[in-house]
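Undergrad: Pasting a structure below so you can have a look.
What follows draws every value from the coordinates through simple rules; no lab data is involved. Given the structure is predicted, the values throughout are model-derived calculations rather than measurements. Here Cβ is always computed from backbone atoms with ideal geometry, including for glycine, and neighbour counts include all displayed protein chains.
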Amino acid sequence: MTLLAVGSGSTGSVVAGRLAEISEWDVLVLEAGGQPPAFAKVPFLHLGSEFPNSSYMNYYKMRPQKYSSQFAKNTGGLYRRGKVIGGSGTINQMMHHRGIPQDYENWAAQGNPGWDYKTVLKYFKKTEDYKGPLKSRDAPFRAFGGPIGVEKVAWKPPVCRVAIRAGEEMGLAEVDYNTDTTIGSAIFQLTTKNRERVTTADAFLLPGLRRRNLKLQINSQVIKTVL
């Protein structure tokens, strides 16, 4: 069986890497872009905003938005997506947020078994290699040794601490928002390892290329799929 993964972005890299763990399956990843530049590893030198005309991105025109993306409320705007190994994970701001636990519970209640927070939490933990301060109450929600590095922002301007103290004065505690407590103040957590960007391509796809049954073909844009 030969399986095609279209795109090596945040989802495609995980899917391809995991499917290739089954040795009887051959997996081919088609990526429209190519190799990312070396400076893509540098945190906050994200291509999406610093290099708006970059060849490492596709640009899509947004329709005027009513509820979201208020910068595009009246005229629309440009929606940038990665055209490079790693996809948008190579050009984004690396901010790591699992989401609100109640949202997962709501999805499960709507008839989606396996999407409850307790179930998805074990997969969050399986992929994570957390490096940072850890309170005892937060320990059940964090994990170590996974393929995706998670670290707190290393450079913290003084205004960050001032903002957190202001929140505490207003009754908002400093929290780890990647636990079951998402209301409060916090320093951002990033998908970095040793202070360098980590994409799902770095974590799942590129290491898997050592397998004979996983191939990556770059500069190969899919124009049409026939079902």
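Undergrad: Please give me, ordered by residue number, the chymotrypsin sites (Phe, Trp or Tyr not before Pro) of region 1-94 that lie in loop per DSSP and have at most 14 other Cβ atoms within 10 Å.
TA: When the chymotrypsin sites (Phe, Trp or Tyr not before Pro) of region 1-94 are filtered for loop state and at most 14 Cβ neighbours within 10 Å, Trp25, Phe44, Tyr67 remain.
Undergrad: Still on this structure: Along the positive direction of the dipole of region 50-166 (beta-carbon charges: Lys, Arg +1; Asp, Glu -1; about the Cα centre), which of Asn92, Ala163, Val120 reaches farthest?
TA: Ala163
Undergrad: Report, in debye and to the nearest 20, how large the dipole of region 1-86 comes out about its Cα centre when Lys and Arg carry +1 and Asp and Glu carry -1 on their Cβ.
TA: 680 debye
Undergrad: So what are the ³J(HN,Hα) numbers for region 184-192, from phi and the Karplus equation (6.51, -1.76, 1.60; θ = phi - 60°), rounded to whole Hz, Gly and Pro as x?
TA: So the Karplus estimates, Gly and Pro as x, are x, 10, 6, 8, 4, 9, 10, 7, 9 Hz.
Undergrad: Moving on to the next point. Along the charge dipole of the chain, Cβ charges K/R +1 and D/E -1, which of Gly7, Gly146, Val222 sits furthest on the positive end?
TA: It is Val222.
Undergrad: Run through region 111-192 and list the trypsin sites (Lys or Arg not before Pro) located in a DSSP loop whose Cβ has at most 11 other Cβ atoms within 10 Å.
TA: Within region 111-192, the qualifying trypsin sites (Lys or Arg not before Pro) (loop, at most 11 other Cβ atoms within 10 Å) are Lys135.
Undergrad: DSSP loop chymotrypsin sites (Phe, Trp or Tyr not before Pro) in region 128-227 with at most 12 other Cβ atoms within 10 Å of their Cβ, which ones?
TA: Listed in order of number, the matching sites are Phe144, Trp155.
Undergrad: Along the charge dipole of region 101-190, which of Gly111, Ile187, Gly132 sits closest to the positive end, that is, farthest toward it, with unit charges on the beta carbon of Lys, Arg, Asp and Glu (+1, +1, -1, -1)?
TA: The residue sitting farthest along the positive end of the dipole is Gly132.
Undergrad: Also, quick follow-up: Rounded to the nearest 10 degrees, what's the angle between the helix 117-127 long axis and the longest principal axis of the chain, both from Cα atoms, 0 to 90?
TA: Tilt relative to the chain: about 70 degrees.
Undergrad: Taking only pairs that are 8 or more places apart or on different chains, how many Lys pairs in region 101-190 have Cα atoms under 18 angstrom apart?
TA: Lysine pairs satisfying the spacing and distance rule in region 101-190 number 7.
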